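What follows is a set of notes on a single structure, which appears directly below.
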Amino acid sequence: MATEAHGEETGGLVFHPLDQFIVKPLFGEIGDPVSWYTITNVTLWMALAVLAIVALFVFGSRGRAIVPTRTQSIGEILYGFTYKMVEDVAGKDAIKFFPYIMTLFMFILFANYLGLLPMSFATTSHIAVTAVLALAVFLTVTIVGFVKNGTKFLGLFWVSSAPLALRPILAIIELISYFVRPVSHSIRLGGNIMAGHAVMKVFAGFAAVAAISPFAVLSITAIYGLEMLVAGVQAYVFAILTCVYLKDALHPSH
Amino acid sequence: MATEETEVAADAAHGAADAAHGAAEASGAGMPQLDFSTFGNQIFWLVVTLVVIHVVFTKIALPRIAGVLAERQGTITSDLAAAEELKQKAVDAEDAYKKALADARTEAQKIVADAKAEIQADLDAAQAKADAEIAAKTAESEKAITEIREGAADSAKEVAKDTVTAILSAMGFSADAKTVTSAVNDRAKG
């Protein structure tokens, strides 16, 4: 049915809400196989995210001005915001993970906002990307937990404040919730971004019908505004959950 | 797979196959997110991206921003200290000014009081002198008046004696001068 839909200009309602997520090579034929090193639209939009980050944080602050320029000020605000978040949520001893969390946070933030540009490609809408991000956090947190606390890290699962009889049950629940973390962590981000973009595409399809196109255009505008919020909030949620998990790893006692 | 075959057939009929979409459909059951053939690519580029961002942050951006923020904090602190110092100076200057003003006022009052006292002394001296002069003049005048008065009384007695003697002689009496004089003197007293 997809191909039939692709039979260009059949008139009426034509929905391809998921086509925007297709990973395709930038150079060469569309149908070319995508191997791990192929330069694809993923490469392009991740590179743009890197460029945007470099532009904001490196070129924006190159004046090292005491009275900052506007660009430098934005960079400083993001720096201060993330730094304070790490310090407040994960604790003072988590500050050495600040560059790590800053990297994740800024990548997701910039990828989310770049994905909102029309005709762009939202890298964070892909479960492959968010899963790697979430697994990286999960592995980091688990390794840090064991390195810092040794077997005491397992105390995270053994709720010593609960009645003894309940503890094994709670331990199972805690264990499950611990291993579900990377799943929820990744699907929350990827799902939010994907759903928002797909909904906008669906409304864009409705805009082709004259009778409802004003409503569709208004809806797209409204949803775009909502997605602007979601892009920031999801990046923030990802970062703050990383901080929360990190706090668990550094201080496993409840 | 059946769908796939019908699609292929449809494609053949249309003569316009969209290979990319077909490929995505084939391996992703409709969702490009679940097209596992692109996972390697995405993960590879993601890792490259994260490493680049992390290097940029740790080597350049974060130390630089931290430096700028620390420097700004330092500047603000020292500026505040300088401001505090200047404020103290201003307060000191105001105190000195007020003190100078008070001193000047005291001095002015002193000068005024001195001048007043001096003038008073001069005035008192002048008054005393004038009073003395007036008293002297009054005494002198009184003396002159007394003299004149006495002179006038004597003249009147003389005239009276002469008149009395003349009248007595005209009436044919003669009186000695001594009796006349005592009679006139008695009359003048009374």
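Bear in mind that the values in this text are calculations on the coordinates, not laboratory data. All of these numbers come straight from a predicted model, not from anything done at the bench. Note: ideal-geometry Cβ built from the backbone for every residue, glycine included; neighbour counts use all protein chains shown.
Filter the range B:139-177 down to the residues that are exposed (fewer than 11 other Cβ atoms within 10 Å of the Cβ) and in a loop (DSSP other than H, G, I, E, B) and list them by number.
B:Gly172, B:Phe173, B:Ser174, B:Asp176, listed by residue number.
With the structure loaded, tell me whether B:Gly30 is within 14 Å of chain A (Cβ to nearest Cβ), under 30 Å from A:Gly191 (Cβ atoms) and either in a helix (DSSP H, G or I) or in contact with a strand residue (DSSP E or B) (Cβ under 7 Å, 6 or more places away or on another chain) (or both) or whether it fails that test.
Against the criterion (within 14 Å of chain A (Cβ to nearest Cβ), under 30 Å from A:Gly191 (Cβ atoms) and either in a helix (DSSP H, G or I) or in contact with a strand residue (DSSP E or B) (Cβ under 7 Å, 6 or more places away or on another chain) (or both)), B:Gly30 does not qualify.
Give the range A:77-121 a look and list any residue that's of a type in the set (A, V, I, L, M) and within 13 Å of chain B (Cβ to nearest Cβ), or say none.
Correct list: A:Ile77, A:Leu78, A:Val86, A:Ile95, A:Ile101, A:Met102, A:Leu104, A:Met106, A:Ile108, A:Leu109, A:Ala111, A:Leu114.
What do you reckon, is A:Ser125 of a type in the set (Ser, Thr, Tyr) and more than 14 Å from chain B (Cβ to nearest Cβ)?
Working: of a type in the set (Ser, Thr, Tyr): yes; more than 14 Å from chain B (Cβ to nearest Cβ): no.
Here the answer is no, as A:Ser125 does not meet what is asked.
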